[in-house]
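See below for the structure under consideration.
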Amino acid sequence: MSDIKTILKGDKFAVATIGAIKGFEGKQFVKDATGATSCEISFGTLPEGASVPFFHSHKENEENYIILSGEGKFQVDDTVFDIAEGSIVRVATNCDRNLKCTSAEPLTYICIQAKEGSLGGYTMTDAEITEHPTLL
Ligand code: ZN
């Protein structure tokens with residue numbers, strides 16, 4: 001099991017790490033380490049042949065799975081499809097989901113859950129370019 005660590009916290013930011021993605025094991029939720037208020041992010045990994053031990057459904061939050069490594073199958077209700085490194089899967093509320101690793105390489109993924117329908121402005125409709133002096 002890999003642990004998440006909060007590295008740095010400021011008034012306006014927090015930095016956390018799970019360490020190297022390669023070799024990550026288990027499941028880690030990020031929200032408590034960063035204080036996120038808009039979404040929950042988790043890292044998960046499944047070894048060859050393993051699936052999450054249960055199907056689950058969400059009442060309010062959609063989920064977006066980003067596959068970082070490995071290959072597998074993803075099931076939403078009665079539909080099954082292939083996933084692999086680079087796949088991004090959005091799953092709506094009120095449906096059952098699970099995923100399984102079918103490769104020798106562990107299936108490692110990020111899952112972002114956020115309230116369905118809550119995204120208002122984003123990217124350049126929410127952001128504005130500022131003239132802050134760089135310290136980088
Ligand atoms: Zn979930």
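Could you list all residues from region 88-102 that are closer than 23 Å to C39 by Cα and buried (at least 18 other Cβ atoms within 10 Å of the Cβ)?
We begin by selecting, within region 88-102, every residue closer than 23 Å to C39 by Cα; these are 88-99.
V91, R97, L99 - these are the residues of region 88-102 that are closer than 23 Å to C39 by Cα and buried (at least 18 other Cβ atoms within 10 Å of the Cβ).
Quick check: is even one residue across region 20-39 open to solvent by less than 40 Å² (accessible area, probe 1.4 Å) and either within 11 Å of the ligand (Cβ to nearest atom) or in a helix (DSSP H, G or I) (or both)? Walk me through how you get there before you give the answer.
As a first pass, look at region 20-39 and keep what is open to solvent by less than 40 Å² (accessible area, probe 1.4 Å): 24, 26, 28, 30, 33, 36, 39.
Filter again for either within 11 Å of the ligand (Cβ to nearest atom) or in a helix (DSSP H, G or I) (or both), leaving 33.
Within region 20-39 (the criterion being open to solvent by less than 40 Å² (accessible area, probe 1.4 Å) and either within 11 Å of the ligand (Cβ to nearest atom) or in a helix (DSSP H, G or I) (or both)), the answer is yes, since at least one residue qualifies.
Criterion first (of a type in the set (D, E, K, R), open to solvent by less than 60 Å² (accessible area, probe 1.4 Å), touching an Asp or Glu at 6+ places or on another chain (Cβ under 7 Å) and within 16 Å of the ligand (Cβ to nearest atom)) does E116 satisfy it? Steps first, please.
On the way: of a type in the set (D, E, K, R): yes; open to solvent by less than 60 Å² (accessible area, probe 1.4 Å): no; touching an Asp or Glu at 6+ places or on another chain (Cβ under 7 Å): yes; within 16 Å of the ligand (Cβ to nearest atom): yes.
Taking the combined requirement at face value, the residue does not satisfy it.
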Identify all residues within region 40-66 that are within 14 Å of the ligand (Cβ to nearest atom) and loosely packed, with under 15 Cβ neighbours inside 10 Å; write none if there are none. V52, P53, F54, F55, H56, S57, K59, E60
Candidates E105, E71, E85 - the one that is surrounded by 17 or more Cβ atoms within 10 Å (Cβ to Cβ) and either under 19 Å from the mean Cα position of the chain (by Cα) or within 16 Å of the ligand (Cβ to nearest atom) (or both): E71
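The values are calculated or read from the model by the stated rules, or taken from the named source; none is laboratory data. Computed from a prediction, not measured in an experiment: that's the story for all the values here. Methodologically, a virtual Cβ is constructed for each residue, glycine included, from the backbone with ideal geometry; neighbour enumeration extends over all protein chains shown. Note: accessible area is taken over every heavy atom of the protein model, side chains too, but ligands, DNA and RNA are not part of it. Shrake-Rupley method; radii C 1.70, N 1.55, O 1.52, S 1.80 Å.
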